[in-house]
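*Asks:* Okay, handing you the structure first.
The values are calculated or read from the model by the stated rules, or taken from the named source; none is laboratory data. Being a predicted model, the structure only gives us computed values, none of them experimental. Counting neighbours? That spans all protein chains shown, and the Cβs are built from the backbone with ideal geometry, glycine included. Protein only, heavy atoms only, side chains kept; ligands, DNA and RNA dropped before computing areas. Shrake-Rupley method; radii C 1.70, N 1.55, O 1.52, S 1.80 Å.
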Amino acid sequence: MPRTPEENERIREIAKEKIRNAAMELFIKKGYHSTSVQEVANFAGISKGLLYNYFAGKEELLANMVEARIKEIVNVMSEAAALEDPREQLKVIINGAIDNVYARPYIFRFYLHLQTQPENDVILNKYSQKLIEENAKQFEFQCEIFAKLGVDTPRKRSLYFSSTLQGIMLMISTYPQKFPIEEIKTQMLREFCS
């Protein structure tokens, strides 16, 4: 019996995820510019031709990776926005961010590294800016949350919240096995949701 279009799409998405994961690991180890499409294909265990069946080239692969990351961020923000209680919104953001980094610390490091590339690197800067723009939207949403909580200076509180959360995420990505995840989440909730 032939596969359904849904089954074909599921298989296609699994293959693309495998390619993205291989590319991410190589980009982390060698850098974007030092990694070839052939190396990504080899690391993913597929032929170069099959990789080109999914992505037109290395830059399209990077663009797809960044779009997938932005989608993850948007999903957490959408889940938070669907809630009425600002404390519950912050809880979703805290848990989503910390759990995501703890489950996949290398991904956080990759995107953090991408956001700190030199401005004159035209290719990487383009995708860095997309991530920065999405983070700016997240920041504005957090400002709205703190305003609903009645904070005197919501922008400053959001900046403090973001800085604290980013610092925790960096520490988790650096020391994932030695980090007291649940205790830190509890402390964040106590600090920002009380």
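*Asks:* Is the range 80-144 rounded, prolate or oblate when judged by the Cα gyration tensor, a ≥ b ≥ c being the square roots of its eigenvalues, rounded requiring a/c under 1.5 and prolate requiring a/b larger than b/c?
*Replies:* Because a/c hits 1.5 or more and a/b fails to exceed b/c, the range 80-144 counts as oblate.
*Asks:* With all protein chains present, how much of the accessible area of the range 69-186 (probe radius 1.4 Å) comes from carbon and sulfur, to the nearest whole percent? Could you put the intermediate results ahead of the total?
*Replies:* On the way: 3700 of 6630 Å².
Here carbon and sulfur together make up 56 percent of the probe-accessible area.
*Asks:* Could you please state, rounded to a whole Å, how far the C-alpha centre of the range 23-46 is from the C-alpha centre of the range 108-142?
*Replies:* Going from one Cα centre to the other spans 21 Å.
*Asks:* Calculate how steeply helix 58-81 sits against the longest principal axis of the alpha-carbon atoms of the chain, using the helix alpha-carbon long axis, and give the answer as 0 to 90 degrees to the nearest 10.
*Replies:* Helix 58-81 and the main axis of the chain meet at about 30 degrees.
*Asks:* Which of rounded, prolate or oblate describes the range 102-173 when judged by the alpha-carbon gyration tensor and an a/c cut-off of 1.5?
*Replies:* oblate
*Asks:* Along its three principal axes, how long is the range 38-86 when you only count alpha carbons? Whole Å, largest extent first please.
*Replies:* Between the extreme Cα coordinates on each principal axis of the range 38-86 lie 50, 18, 14 Å.
*Asks:* Could you report the range 80-194's accessible area per residue, 1.4 Å probe, as an integer in Å²?
*Replies:* Here the per-residue accessible area is 56 Å².
*Asks:* Moving to a separate point now. Please list, by residue number, every one of the trypsin sites (Lys or Arg not before Pro) in the range 140-194 that is coil in DSSP and has at most 16 other beta-carbon atoms within 10 Å. Write out the running numbers ahead of the final one.
*Replies:* Details: sites: Lys148, Arg155, Lys156, Arg157, Lys178, Lys185, Arg190; in loops: none.
Qualifying residues, ordered by number: none.
*Asks:* Using only Cα atoms and rounding to the nearest 10 degrees, what angle (0 to 90) does helix 154-174 make with the longest principal axis of the chain?
*Replies:* Value to nearest ten degrees: 50.
*Asks:* Also: What ³J(HN,Hα) values, in whole Hz, does the Karplus curve 6.51 cos²θ - 1.76 cosθ + 1.60 give for the range 120-135 when θ = phi - 60°, with x put for Gly and Pro?
*Replies:* The phi angles translate into 7, 7, 4, 5, 5, 5, 4, 7, 4, 4, 4, 5, 5, 4, 5, 4 Hz.
*Asks:* Can you tell me the orientation of helix 86-103 relative to the chain, as the angle in degrees between its alpha-carbon axis and the longest Cα principal axis, to the nearest 10?
*Replies:* That works out to roughly 40 degrees.
*Asks:* Considering every Cα-Cα pair within the range 41-194, what fraction, in whole percent, is farther apart than 26 Å?
*Replies:* Result: 34 percent of Cα pairs exceed 26 Å.
*Asks:* As a quick test, which of the pairs Lys30/Lys185; Lys18/Lys178; Lys16/Lys130; Lys18/Lys185; Lys71/Lys148; Lys29/Lys58 have an alpha carbon distance above 23 angstrom in this structure?
*Replies:* Working: Lys30/Lys185 33 Å; Lys18/Lys178 28 Å; Lys16/Lys130 21 Å; Lys18/Lys185 31 Å; Lys71/Lys148 25 Å; Lys29/Lys58 16 Å.
Where the Cα-Cα span goes over 23 Å, the pairs concerned are Lys30/Lys185; Lys18/Lys178; Lys18/Lys185; Lys71/Lys148.
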